[in-house]
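Following: one structure in C-alpha cells, then a few remarks.
The values are calculated or read from the model by the stated rules, or taken from the named source; none is laboratory data. Computed from a predicted structure; not experimentally measured. Cβ: placed from backbone, ideal geometry, glycine included. Neighbour counts: every protein chain shown. When the accessible area is computed, the model is the full protein with side chains, heavy atoms only, and any ligands, DNA or RNA have been set aside. Shrake-Rupley method; radii C 1.70, N 1.55, O 1.52, S 1.80 Å.
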Amino acid sequence: MNLRVFPIALVMAVASVVFPVFAQTAQKQTPESKLIEFHMALLKRGPKWRDPHLIDGGPPRVFQEHVAYVQALLESGRAVIAGPIKEDPELSGIYIFRAKSADEAKSWAMADPAVEAGQFIAEMHPWWSEDVMKKPPMPLKLTTAYLAFLVRGEKWTPEKTPQTEAIQKAHLENINRLAEMKKLVVAGPFGDNGKLRGIFVFRVGSLEEARSLAETDPAVRAGRLALIFHAWMVPEGVLP
C-alpha cells in the first residue's frame with residue numbers, strides 16, 4: 001500500500017466537501033479513521049496593519065517579535081506548520097496548531113505579538129488531517145508550497161444524491177491520482193460547515209502547475225467546489 005496516497009484519500013472521504021454531515025458532527029465525535037483535529041488560524045490584516053516592507057527604517061519591533069513567536073511555536077510542537085502568504089491583499093499567514101481544544105489554539109493565536117498589536121486578526125477554524133507533517137530543522141529555512149482553499153462553488157448543494165455520490169467518487173479517485181504523482185502532499189476538510197470546505201497543499205514548481213492540477217478535480221469541474229490559490233512560505237522539511 002502506498003502510505004502517502006492512502007491518508008489523503010481517507011481524509012477527503014469524510015470531508016464535508018460533498019457530505020456536510022461531517023462538518024456538523026466533527027467536533028462531537030472523532031471520525032472512524034486516523035484523522036486528527038488540528039486548528040487553523042488564518043492571519044488577516046488587522047485594523048493597525050502596516051506593510052513592514054514599506055516602513056522607513058525596516059520592519060518595526062513587533063514583526064521581529066512575531067517571527068520569534070512563530071519559531072517558538074514550531075520548536076515547541078504547538079504549531080505543526082506556519083508561514084506567510086505571499087502577495088495577498090487580505091491573508092498574511094497561516095498557523096496550524098496541535099492543541100487540546102479550540103480555546104487553547106485560539107489563545108496561542110491571540111498571544112502572537114502582531115495579533116496583540118492589531119497588525120493581524122486571527123480567524124480560527126477546526127481542520128482535520130492525518131498527522132503527516134514533520135518537525136522542521138532549525139534554523140528555519142522557508143520554501144514555497146502552493147495552497148488551494150476548496151470553497152463552496154456556484155452549484156454546491158447539501159443534498160446527497162446519486163449524482164453527488166458519483167462526483168465524490170471521482171473526486172477521491174483524482175486525489176489518489178495527484179498523490180501518486182507526488183504533487184499533492186496534504187489535504188483535509190474543515191470542520192465548521194462554513195464557506196471553506198477543505199485545503200489542498202501542492203509541492204510543485206509554480207502556482208500555474210498547482211492550479212492546473214487542482215482544476216482536474218471533478219467536483220471543481222462540476223461547479224460544486226471552487227478554488228482559491230495562495231503561494232505559502234513554509235519551513236523546509238515540514239511537508240511529507
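Residue check: is Leu207 touching a residue at least 60 places away in the same chain (Cβ under 8 Å) and within 11 Å of Ala148 (Cβ to Cβ)? So Leu207 fits the description; yes.
Yes or no, residue by residue, for (1) acidic (Asp, Glu); (2) open to solvent by 40 Å² or more (accessible area, probe 1.4 Å); (3) free of Cβ contacts under 8 Å to residues at least 24 places away in the same chain:
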residue: Arg45; (1), (2), (3): no, yes, no
residue: Ser107; (1), (2), (3): no, yes, yes
residue: Met110; (1), (2), (3): no, yes, yes
residue: Glu116; (1), (2), (3): yes, yes, yes
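Within region 170-227, being open to solvent by 10 Å² or more (accessible area, probe 1.4 Å) and aliphatic (A, V, I, L, M) holds for Ala170, Leu172, Met181, Leu196, Val204, Leu207, Leu213, Val220, Ala222, Ala226, Leu227.
Can you name every residue in region 118-138 that is more than 20 Å from Leu239 (Cα to Cα), out of contact with any helix residue (DSSP H, G or I) (no Cβ under 8 Å at 6 or more places or on another chain) and surrounded by 15 or more Cβ atoms within 10 Å (Cβ to Cβ)?
His125 - this is the single residue of region 118-138 that is more than 20 Å from Leu239 (Cα to Cα), out of contact with any helix residue (DSSP H, G or I) (no Cβ under 8 Å at 6 or more places or on another chain) and surrounded by 15 or more Cβ atoms within 10 Å (Cβ to Cβ).
On the given criteria, is Thr216 in a loop (DSSP other than H, G, I, E, B) and at pLDDT 95 or above? Here the answer is yes, as Thr216 does meet what is asked. Determine, yes or no, whether His125 is over 26 Å from Lys34 (Cβ atoms), assigned to a strand (DSSP E or B) and in contact with a strand residue (DSSP E or B) (Cβ under 7 Å, 6 or more places away or on another chain). No; evaluated as a whole, the condition is false for this residue. Pairs linking a residue in region 163-180 that is within 21 Å of Ala148 (Cβ to Cβ) and acidic (Asp, Glu) to a residue that is surrounded by 15 or more Cβ atoms within 10 Å (Cβ to Cβ) and at pLDDT 95 or above, with Cβ atoms under 9 Å and 6 or more positions apart or on different chains, are Glu173/Pro218. Checking region 155-164 against the condition returns no match, with no residue being in a strand (DSSP E or B) and either under 14 Å from Ala41 (Cα atoms) or among the hydroxyl-bearing types (Ser, Thr, Tyr) (or both).
The single condition from (1) out of contact with any strand residue (DSSP E or B) (no Cβ under 9 Å at 6 or more places or on another chain); (2) closer than 23 Å to His39 by Cβ that Met233 fails is (1).
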